[in-house]
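Colleague: Encoded as structure tokens, here's the structure I'll be asking about.
The values are calculated or read from the model by the stated rules, or taken from the named source; none is laboratory data. None of the values given here were measured: they were computed from a predicted structure. Neighbour counts are summed over all protein chains in view; Cβ atoms, including those assigned to glycine, are modelled from backbone coordinates with ideal geometry.
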Amino acid sequence: MIICQNLSKFYGDHPALQNLNLKLEAGDAFGFIGPNGAGKTTTIRILATLQEPSEGDAWVGGFSVSNEPDAVREVLGYMPDQFGLYEGMRSWEYLEFYAAAYRVPRQRWKSLIDEVLELTDLTVKKQSFVETLSTGMRQRLCLAKTLLHDPKVLVLDEPASGLDPRARIELKLLLKELSRMGKTLLVSSHILPELADFCNKVGIIEAGRLLASGPVNSILAQASRDRYRLRIRVLQRTEEARALIERSLEVSDLSEEAEALVLTTAAGLEAQADLLDRLVRDGFRPVEFAQLKTDLEQIFLEVTQGITQ
Amino acid sequence: MKLMESVAGWAWHNPVTLKELRIGLRERRIFILQLLYLCALLFISLACLPAMFESPNSEQLAEKGKEFFFILFGLQLMLLLVTAPALTCGSLSSERERHSLDMVLASRISSGQLVLGKLGFAAYCLILLLSSALPLASICFFLGGVTLWEALACYFELFLFGMLAASVGLFSSAREARSNYATVQSYLLVFMGSFMIFPYMALRFDEQSARTTVGPSFWTFNQTFELGVYHFFVGLAIYLIGFLFVKARHRIRPEARNIKAMALLFLLIYLFCLGWLSLLYSLFFTNHSGNEADPLAILLYSVHIGFLGFFLNPSNLESRLEQSRFRSSLFSRPWFWLGLAALGCLFPLALGQACGYQNSQTTFELGFSLFFILIYPLNAWLVQKSWLPRWQYAWVYYLGLLLLQFFSLLGTFTASDSTTGLSYVSPFSTLIVMASAYETKHNEGEIFILAVSFHLVLLLLLGAIYRWRKGRRQKRA
């Protein structure tokens, strides 16, 4: 549904995006992760036909963004990271404007507007002026307008930014529902645990380059292959226990979090069992010895180096 | 027919116009604008009317009625030039500022529809302003002196110039990211452009020329010359509205940089200028004979050489889509433009011949015109191709024209020591110098060969440099 082939964008000599290759199937929910200035918004703007790529090309729903931008706009719903609504318009008027903008037949406007308002839980705000809506409601209204023409692909740039926890949860549920409806989603976000909840694929981008991309499970498995994150908590002599751990295992990263030691090691299960045995025998009184599941945040920190452009 | 349908669709079912009307008419801005507009008109009318009705003679009353109508007309024109940019100068830049433009551009609204929608809103507001002032203007109909056609023509002009000012505002708004910059720029442009209005106003207020006879005298002028000038102003205003519309579209979307539309517009203005000049040519030189220099032929020649710079400039085609569209069009072929220019040279000369204008220089003029029209753009192209990016062609072209004027300082190629003092190698001045040479009996043949040789040598030299630089570039690649 979305294919990017050697997609590059230069602002003068400055590369904002370099040789991005990506392939998303219909129904995929793709989480696009990267620090500020990594090239996420540039990619999304290219997909939304707001910018032209300097090199390479991208196809959305089989249409080239460079050569068939109008066809791309027909199949794509775009929600930017920052957006403004037209003050002085009612919610239904706002949606009506976009229904006309997406060339939805006039006779379908009313039913469609009711449908998307219901989906986004804004039916009660149909007659309200947009300036009277809360931030969360505005976000949902913007999403409602994105859904008006029933796009196959949704490209959402930081949809949860600036929302309170409740609004964020509501939005997440809405995106899950859209994913369940078979829409292809490309969502960029800083809030990684939320992406992991409903995305089946992720891509990590930094300094304009895609560092890792693929199904969430395979990326997690790849990241945790031959490496374990352990959380060890002892009741006594924590510093001595720390020294013992460093002596016993090959530790690549050891830190203290809430009275517990968190470490990353390549040592196998045998060595881990030996360590636990030793801690018990030496009287450190361990109360917690657990393998931590590698999450997106951890992978993100491991893959990226904090380079900003 | 399809084009008409789509234009009608854009105009009447444009969602942008509807949205602007919904928002605009809920704001106080439009009503305040209308109030101020009417107050200004009323104030001036109250100041003028008592003095006008001092003499109750019916013939004088008709004169006074006409006078009053033209005062109102002038005042409305001034007010529209002030108010119309205010309707549009923030329309696109403010959308950019509040981050709503991207969502509109990601929808299926075309950039033309967007710009036309904004212009449509301005048109509705202008109609509102003009119609609200109608009761005041209708006073003069009780007095007589102004025909219906004359009034309609005046209102058409008011609307046209109002739309032109609104287009300037819209263009600035599309060009600038911030509304305050767009406002300053649009008022600055309207202020500079308003100087062009003065000759038009003088024409309109001229008692003799503005007098209308009976019949469908929509044009309201009896004199042919005034009619020609009127055509020029109205045509120019329509052209500028189209030009600004296209330019505003270009600024919004990368692929909307429609070089074909630009080329069509240039073609239109070229044909318009050609037609207009030919009209004057035929009017003034019908019974002309003799050996004097022909200023209109020079003017026509200048039009050709001036517009060719635009024609041959493919602009900055950043969009790959637009590049491919342009490459596949007729307008991308230099021979099309050169052929058109050559035809343009022939046309006025043929017209002159048909009108009985006898000039033994005709063949010679034609030869020179064609030679420069073919060789000068080619030289400019080689200079640009050797050193500069593609889009800088226009600069090279016009800078080259300017620089060639200084050749006379070298003393070479100067046809005579007459007052003109212009270089023979400059395409602009060729005909002027040639005419002087004819008068002072210089040897035209020698000068012709010298000028042609100079340009051919230049062509060869530039061609060699171009090949050399191209080879170096390829080696480096």
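This table checks each residue for (1) touching a residue at least 40 places away in the same chain (Cβ under 8 Å); (2) assigned by TED's automatic domain parsing to the domain that holds A:Leu141; (3) touching a Lys or Arg at 6+ places or on another chain (Cβ under 8 Å); (4) of a type in the set (Ser, Thr, Tyr).
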residue: A:Arg166; (1), (2), (3), (4): no, yes, no, no
residue: A:Ile169; (1), (2), (3), (4): no, yes, no, no
residue: A:Leu174; (1), (2), (3), (4): yes, yes, yes, no
residue: A:Ile205; (1), (2), (3), (4): yes, yes, yes, no
residue: A:Arg209; (1), (2), (3), (4): yes, yes, no, no
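Colleague: Turning to a different aspect of this structure: Considering each residue of the range A:31-42, count those that are more than 14 Å from chain B (Cβ to nearest Cβ) and at pLDDT 90 or above, and give that number.
Modeller: Residues flagged as more than 14 Å from chain B (Cβ to nearest Cβ) and at pLDDT 90 or above within the range A:31-42 amount to 0.
Colleague: Is it true that A:Asp57 is within 14 Å of chain B (Cβ to nearest Cβ) and part of a strand (DSSP E or B)?
Modeller: In short, yes.
Colleague: Which one of B:Leu46, B:Leu42, B:Leu18, B:Leu75 is at pLDDT below 85, assigned by TED's automatic domain parsing to the domain that holds B:Ala151 and surrounded by fewer than 19 Cβ atoms within 10 Å (Cβ to Cβ)?
Modeller: Numbers: B:Leu42 fails: at pLDDT below 85; B:Leu18 fails: at pLDDT below 85; B:Leu75 fails: at pLDDT below 85.
Being at pLDDT below 85, assigned by TED's automatic domain parsing to the domain that holds B:Ala151 and surrounded by fewer than 19 Cβ atoms within 10 Å (Cβ to Cβ) holds for just one of B:Leu46, B:Leu42, B:Leu18, B:Leu75, which is B:Leu46.
Colleague: Given the condition of a type in the set (A, V, I, L, M) and crowded, with 16+ Cβ neighbours inside 10 Å, answer yes or no: does some residue in the range A:263-273 qualify?
Modeller: From the range A:263-273, those of a type in the set (A, V, I, L, M) are A:263, A:266-267, A:269, A:271, A:273; that's our starting set.
Okay, now just the ones that are also crowded, with 16+ Cβ neighbours inside 10 Å, so A:263, A:267.
So far as the range A:263-273 goes, yes, one or more of its residues are of a type in the set (A, V, I, L, M) and crowded, with 16+ Cβ neighbours inside 10 Å.
Colleague: A further question follows. Any idea which of (1) surrounded by fewer than 24 Cβ atoms within 10 Å (Cβ to Cβ); (2) in contact with a strand residue (DSSP E or B) (Cβ under 8 Å, 6 or more places away or on another chain) is the one A:Gly62 doesn't satisfy?
Modeller: Only one criterion in (1) surrounded by fewer than 24 Cβ atoms within 10 Å (Cβ to Cβ); (2) in contact with a strand residue (DSSP E or B) (Cβ under 8 Å, 6 or more places away or on another chain) is unmet by A:Gly62, namely (2).
Colleague: Could you look through the range A:141-162, keep only residues that are assigned to a loop (DSSP other than H, G, I, E, B) and not aliphatic (A, V, I, L, M), and pick out the one that is nearest to the other protein chains (Cβ to nearest Cβ)?
Modeller: Per the criteria, the residue is A:His149.
Colleague: Does A:Leu85 meet the test of being more than 23 Å from the chain's Cα centre (by Cα), facing another protein chain (nearest Cβ under 8 Å) and either modelled with pLDDT under 90 or within 21 Å of A:Lys9 (Cβ to Cβ) (or both)?
Modeller: yes
Colleague: So if I check each of A:Ser213, A:Ser218, which one is of a type in the set (Gly, Ala, Ser) and touching a Leu at 6+ places or on another chain (Cβ under 9 Å)?
Modeller: A:Ser213
Colleague: Restricting to the range A:104-123, count the residues that are under 30 Å from the mean Cα position of the chain (by Cα) and of a type in the set (D, E, K, R).
Modeller: Total satisfying the criteria: 4.
Colleague: For the range A:73-82, what are the residues that are touching a residue at least 40 places away in the same chain (Cβ under 8 Å) and at the interface with chain B (Cβ under 10 Å from one of its Cβ atoms)? Spell out the reasoning first.
Modeller: Step one: list which residues in the range A:73-82 are touching a residue at least 40 places away in the same chain (Cβ under 8 Å), which gives A:74-81.
A:Glu74, A:Leu76, A:Gly77, A:Tyr78, A:Met79, A:Pro80, A:Asp81 - these are the residues of the range A:73-82 that are touching a residue at least 40 places away in the same chain (Cβ under 8 Å) and at the interface with chain B (Cβ under 10 Å from one of its Cβ atoms).
Colleague: OK, next. Tell me, which helices (runs of 4 or more DSSP H) lie completely within the range B:54-129 with 2 or more residues that are within 31 Å of the chain's Cα centre (by Cα), among the hydroxyl-bearing types (Ser, Thr, Tyr) and within 14 Å of chain A (Cβ to nearest Cβ)?
Modeller: Values: elements: B:58-88, B:93-97, B:101-105.
Hits in the range B:54-129: B:93-97.
Colleague: While we're here: Could you say whether any residue in the range B:114-125 is farther than 24 Å from B:Pro50 by Cα and at pLDDT below 90?
Modeller: Looking for residues that are farther than 24 Å from B:Pro50 by Cα and at pLDDT below 90, one finds none in the range B:114-125, hence no.
Colleague: With the structure loaded, tell me whether A:Ala48 is surrounded by 19 or more Cβ atoms within 10 Å (Cβ to Cβ), under 28 Å from B:Thr17 (Cα atoms) and of a type outside the set (Asp, Glu) or whether it fails that test. So that I can check it myself, show each step before the final result.
Modeller: Values: surrounded by 19 or more Cβ atoms within 10 Å (Cβ to Cβ): yes; under 28 Å from B:Thr17 (Cα atoms): yes; of a type outside the set (Asp, Glu): yes.
The answer is yes for A:Ala48.
Colleague: Moving on to the next point. Within the range A:91-107, restricting attention to residues that are of a type outside the set (Phe, Trp, Tyr) and more than 9 Å from every other protein chain (Cβ to nearest Cβ), which residue is nearest to A:Val153 (Cα to Cα)?
Modeller: The extreme case among them is A:Val104.
Colleague: Which condition breaks for A:Ala241 when tested against (1) in the same structural domain as A:Pro165 (by TED's automatic domain parsing); (2) crowded, with 20+ Cβ neighbours inside 10 Å; (3) modelled with pLDDT of 80 or more; (4) touching a Leu at 6+ places or on another chain (Cβ under 7 Å)?
Modeller: Answer for A:Ala241: the failing condition is (1).
Colleague: List the helices (runs of 4 or more DSSP H) inside the range A:184-276, counting only whole elements, that have at least 1 residues being more than 30 Å from A:Pro286 (Cα to Cα) and either polar (S, T, N, Q) or more than 26 Å from the chain's Cα centre (by Cα) (or both).
Modeller: Details: elements: A:192-198, A:216-224, A:238-248.
Answer list for the range A:184-276: A:216-224.
Colleague: Further question on the same structure: Any idea which of (1) facing chain B (nearest Cβ under 8 Å); (2) in contact with a Pro (Cβ under 6 Å, 6 or more places away or on another chain); (3) in a helix (DSSP H, G or I) is the one A:Asp70 doesn't satisfy?
Modeller: (2)
Colleague: Regarding A:Glu87, is this residue charged (D, E, K, R) and part of a helix (DSSP H, G or I)?
Modeller: No.
Colleague: Given the conditions (1) part of a helix (DSSP H, G or I); (2) surrounded by 18 or more Cβ atoms within 10 Å (Cβ to Cβ), report the number of the one that A:Gln107 does not fulfil.
Modeller: (2)
Colleague: Restricting to the range A:2-34, give me the number of residues that are assigned to a loop (DSSP other than H, G, I, E, B) and touching a Phe, Trp or Tyr at 6+ places or on another chain (Cβ under 9 Å).
Modeller: 1
Colleague: What is the residue count in the range A:35-54 for residues that are outside any loop (DSSP other than H, G, I, E, B) and of a type in the set (Ser, Thr, Tyr)?
Modeller: Going through the range A:35-54 one residue at a time, the tally reaches 3.
Colleague: Still on this structure: For the range A:160-188, enumerate the residues that are of a type in the set (Ser, Thr, Tyr) and buried (at least 20 other Cβ atoms within 10 Å of the Cβ).
Modeller: Hits for the range A:160-188 are A:Thr184, A:Ser188.
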